[in-house]
Every structure is written in C-alpha cells, then in structure tokens.
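Just below is one structure, and these are the notes that go with it.
The values are calculated or read from the model by the stated rules, or taken from the named source; none is laboratory data. Not measured: the values here are computed from a predicted model. Note that we place each Cβ from the backbone using ideal geometry, even for glycine, and neighbour counts take in every protein chain shown. For the accessible areas, the whole protein counts, side chains as well, though only heavy atoms, and no ligand, DNA or RNA atoms are used. Shrake-Rupley method; radii C 1.70, N 1.55, O 1.52, S 1.80 Å.
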Amino acid sequence: MASVIFGVPPSSVTSDQRDLGKQAILGLSYGMGADKFRTSCMLKGMNISNSLAERAKNAFREKHARMVQLWYQIDRFTKEATMFWAGGGVYQAGRIKISGTKMGGTRCLLVQLPSGRQLYYREPMIVDGQLTYFGQIPMTQTWGRIKLYGAKIFENVCQAIAADLMSYGARRAESNWMVPFALIHDQALAIQTAGQKPDQFAAALQQLPPWATGLPLKAEAKLTEYYQK
C-alpha cells in the first residue's frame with residue numbers, strides 16, 4: 001500500500017512510509033475520510049499533511065475499487081431493506097444477504113454472512129437520509145440511536161467472518177484433541193499434549209469451512225511458557 005501511495009517500488013519503501021501504508025490498510029478499509037485518517041495517523045505519532053492524507057485515501061480507494069463499490073451497494077440495500085422491510089425482499093451484496101425482519105415484535109435489519117450466521121441491527125430507522133439503529137453507544141453505558149452506513153456494516157461483516165473462521169478452526173483443533181482454552185483477537189491458545197507439535201495445531205486452525213473454499217488463510221503456531229502476542 002505504501003508503494004502505491006508514494007509511487008515507489010515495494011523494495012524502496014522506507015520504514016516511515018510502511019507505517020503510513022499499514023495505517024491506511026487498517027483505517028481506510030472501512031470508509032474513513034482524509035481528515036479522520038490524518039487524525040488517526042497523528043494519534044500514532046505520524047504527523048502528515050492534509051494533501052498526503054487525501055492522496056492516501058484516493059490511492060487506497062483506487063486500488064480497492066471493488067471494496068468501495070461494495071460499501072455503496074451495502075449502504076443502498078440496507079436503506080432499501082429498512083424502508084421496505086414489510087415487503088420481505090432480500091438483497092444480495094456480494095456474498096452477504098440483507099433483509100428486514102421482525103423478532104419478538106421488534107423490527108430488525110438482518111445481514112446474513114456467508115457462513116449462514118446472521119447479524120441483527122435493532123429498530124433501524126432513516127433520519128434525514130442517515131441510517132441508524134438502536135444500540136449501546138460506543139464508549140458509554142448509554143443506549144440510543146447509532147449511525148450505520150455501508151462501510152461500517154462492511155467492517156462488522158469482516159470481523160464476523162474472521163470470528164466464524166476462528167471458531168471453525170478451533171473446533172477442528174478440538175476434534176483432534178488439541179483443545180483451545182482461549183481465543184483472543186486473532187490468536188488461539190491451547191495446552192500442548194504428548195506427541196502434538198505446533199505445526200499440527202496451525203494446520204487445524206487454518207482449515208476452511210465449505211463456504212470459504214479458496215480463501216487464503218494461514219496460521220502460525222509456536223510453543224511458549226506464558227502468553228505472548
């Protein structure tokens with residue numbers, strides 16, 4: 001990503017440029033604009049100009065045009081599902097399905113993952129063109145209306161798919177008596193038993209469920225005496 005932003009070969013990317021490229025991948029994947037990207041970089045100790053933040057945003061979106069297209073498609077379909085939820089229509093955005101439903105008398109926006117698992121957004125409502133739902137406001141103990149948009153739902157979907165993959169891999173490990181006792185972000189922890197090697201654990205974790213055939217997934221494993229990142 002840094003080579004694209006700065007227009008240099010990957011082999012010529014400096015450490016500082018790589019840090020900016022990494023921050024672009026982490027932040028710009030989910031619809032972040034140039035101003036917010038610049039702020040996020042400053043919080044990481046990278047003081048970049050407005051023009052560089054704008055260049056990074058544009059470079060990312062040009063390189064990942066299909067991703068950007070999916071943001072807007074999800075945004076449009078979730079709004080349509082919210083407005084016409086009673087019609088029971090199902091909208092297909094890539095590998096996910098979007099529809100409106102009712103659970104326990106409460107309206108919900110439903111997003112079905114490739115695994116078949118479903119994400120629910122309670123009481124969706126469009127206010128002045130902005131899609132919102134009722135939930136716990138981040139970083140508070142207060143419940144209220146929260147803004148929802150295509151790139152944000154895309155982020156939720158990505159994290160949920162990652163959780164599905166980790167869960168599947170952990171179950172495969174468990175079926176071979178390599179029992180994970182904790183899943184922490186992108187790590188699985190297990191106690192080694194007699195005759196088992198780290199590469200066996202990694203092989204179990206990177207097994208793919210049928211719905212994810214072809215996905216490039218790789219796991220690494222090592223032995224440690226205590227928890228490490």
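Among the listed residues G21, G31, G27, identify the single one that is under 26 Å from Q73 (Cβ atoms) and in contact with a Ser or Thr (Cβ under 9 Å, 6 or more places away or on another chain). Residue meeting the stated conditions: G27. Summed over region 76-94, residues that are open to solvent by 70 Å² or more (accessible area, probe 1.4 Å) and modelled with pLDDT of 85 or more total 4.
Could you please let me know if Q73 is in contact with a strand residue (DSSP E or B) (Cβ under 6 Å, 6 or more places away or on another chain) and either β-branched (V, I, T) or buried (at least 17 other Cβ atoms within 10 Å of the Cβ) (or both)? So Q73 fits the description; yes.
Test Q112 against the criterion of being open to solvent by 40 Å² or more (accessible area, probe 1.4 Å) and in contact (Cβ under 8 Å) with a residue 40 or more places away in the chain, and give yes or no. Step through it out loud before you land on a result.
Values: open to solvent by 40 Å² or more (accessible area, probe 1.4 Å): yes; in contact (Cβ under 8 Å) with a residue 40 or more places away in the chain: no.
No.
Consider region 38-56 and keep the residues that are of a type in the set (D, E, K, R) and under 17 Å from D16 (Cα atoms). The one that is modelled with the lowest pLDDT is K44.
Can you say whether M178 is in a loop (DSSP other than H, G, I, E, B), modelled with pLDDT under 95 and farther than 28 Å from S29 by Cα, as far as the supplied structure shows? Yes, satisfied.
On the given criteria, is S40 open to solvent by less than 70 Å² (accessible area, probe 1.4 Å), more than 27 Å from L119 (Cα to Cα) and without any contact (Cβ under 8 Å) to a residue 12 or more places away in the chain? So S40 fails the test. Give the residue that is farthest from W71 (Cα to Cα), with candidates limited to residues of region 152-189 that are open to solvent by 30 Å² or more (accessible area, probe 1.4 Å) and among the small types (G, A, S). Filtering first and then ranking leaves S175.
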